[in-house]
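Q: Take this structure, written in structure tokens, and hold onto it; I'll ask about it next.
The values are calculated or read from the model by the stated rules, or taken from the named source; none is laboratory data. What you are looking at is a predicted structure, and each value in this text was computed from that prediction instead of being measured. So basically every Cβ, Gly included, is an ideal-geometry build from the backbone, and we count neighbours across all protein chains shown.
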Amino acid sequence: MKSEKVLVAGASGYLGRYVARAFHERGYLLRVLVRNSEKLATVGPNLEPAISEIVDEIRIGDATDQASLKDACKGIDIVFSCMGLTKPQQQVTSEQVDHLGNRALLNDALAHGVRKFIYISVFNGDKMSDVEMVSAHERFVDDLKASGISYTVIRPTAFFSDMGMFFNMARSGHLFLFGDGTNRFNPIHGADLAKVCVDAVENSEQEISVGGPEIFTYDETNIMAFKALGKQPWITHVPLWVGDAILFGTGLFNKPLASILGFALSVSRIDNVAPATGTRKLADFFRDMAASCS
Ligand SMILES: NC(=O)c1ccc[n+]([C@@H]2O[C@H](COP(=O)([O-])OP(=O)(O)OC[C@H]3O[C@@H](n4cnc5c(N)ncnc54)[C@H](OP(=O)(O)O)[C@@H]3O)[C@@H](O)[C@H]2O)c1
């Protein structure tokens, strides 16, 4: 039984809950950093587990208020951060959360002698450096590398939670997709990715690219979502040039939304197939999602 203490930042989100649970199951003492502790008591929107029963300590903090992160790492051996801006929030930027929030956490980790810092960035980050959300992640990765702390950067493909977004569109009966739907990718379940994250504590690799065990085109996954719901697929492919025009217009009046949209457009342009791991199948995820809403 290990007695090391881990801080999971972003523990109320999709990946964070699975990682918190995996650390707990391996015997680590678990402190979480969240904005809202009530979220931990309920199952998440993509069936990610409730974790309030397994958490040893809760620390409330907000990446946009760096003072609130002070001493979050006091007494901590390992920091894992998936604290990130994935949904548009008014007046909040990727730079504030993904870069500066994580940098404040890193500075706190350095001040308190943390042994290792594990961070979630994105797969193919180098091919999407013009996307603000991605470059904010990479600015933090640069800080992490320069800090001298022992670290691992994990670069996953899309999570099953992103497939949950398409599932919800399929539920409404009509799904919109940027591009022609032929790009390939291997999405990963949070529990499979969590294993990689916890293994990283004792792993000497500094960068790990990872995806799930099955490769699909975007259209294949979306047809699977309709099938799980017993619905006839209805997919409208939005040409990328139309997406670019929408992105340009959005950027003029809503930068947080444009940052998320820019990421969605970029991943629609390229294949995202990373080294495969895990066992969880997307069809089972869609089946469970369909059962949960029936
Ligand atoms: N989803 C994907 O397909 C994917 C793929 C590759 C990499 N990633 C990266 O992996 C990370 C985790 O993704 P996810 O899908 O698990 O995201 P998620 O479900 O949205 O979770 C993000 C976590 O960050 C927290 N957070 C957001 N803004 C914050 C702030 N201002 N202060 C403190 N905490 C804040 C959220 O707290 P609240 O619960 O309070 O909002 C939540 O705990 C992100 O950095 C994302 O960019 C995601």
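Q: Hey, could you check segment 191-219 for residues that are under 22 Å from the mean Cα position of the chain (by Cα) and free of Cβ contacts under 8 Å to residues at least 12 places away in the same chain and say which is farthest from Pro49 (Cα to Cα)?
A: Selected residue: Glu202.
Q: Need the failing condition index for Glu95 against (1) within 20 Å of the chain's Cα centre (by Cα); (2) at pLDDT 95 or above; (3) crowded, with 18+ Cβ neighbours inside 10 Å, just the number.
A: Glu95 satisfies all of (1) within 20 Å of the chain's Cα centre (by Cα); (2) at pLDDT 95 or above; (3) crowded, with 18+ Cβ neighbours inside 10 Å except (3).
Q: Another one. Please find, within segment 62-88, the residue that is nearest to the ligand (Cβ to nearest atom) out of those that are of a type outside the set (S, T, N, Q) and assigned to a helix (DSSP H, G or I).
A: For segment 62-88, the residue satisfying everything is Leu69.
Q: Which residue pairs have Cβ atoms under 9 Å apart, sit 6 or more places apart or on different chains, and have a first residue in segment 160-175 that is on the phi > 0 side of the Ramachandran plot and a second that is of a type in the set (Phe, Trp, Tyr)?
A: Cβ pairs passing all conditions: Gly173/Phe226; Gly173/Trp234.
Q: Out of Gly173, Gly125, Gly164, report the one residue that is of a type outside the set (Asp, Glu), under 25 Å from Leu282 (Cβ atoms) and touching an Asp or Glu at 6+ places or on another chain (Cβ under 8 Å).
A: Only one candidate passes the filter, namely Gly125.
Q: Considering (1) under 14 Å from Val8 (Cα atoms); (2) surrounded by fewer than 23 Cβ atoms within 10 Å (Cβ to Cβ); (3) more than 10 Å from the ligand (Cβ to nearest atom), say which one Thr42 fails and leave the rest.
A: Condition not satisfied by Thr42: (1).
Q: Which fully enclosed strands (runs of 3 or more DSSP E) of segment 1-61 have 2 or more residues being in contact with an Asp or Glu (Cβ under 9 Å, 6 or more places away or on another chain) and more than 19 Å from Ile154 (Cβ to Cβ)?
A: Once the strands (runs of 3 or more DSSP E) in segment 1-61 are filtered for at least 2 residues that are in contact with an Asp or Glu (Cβ under 9 Å, 6 or more places away or on another chain) and more than 19 Å from Ile154 (Cβ to Cβ), what remains is 29-34.
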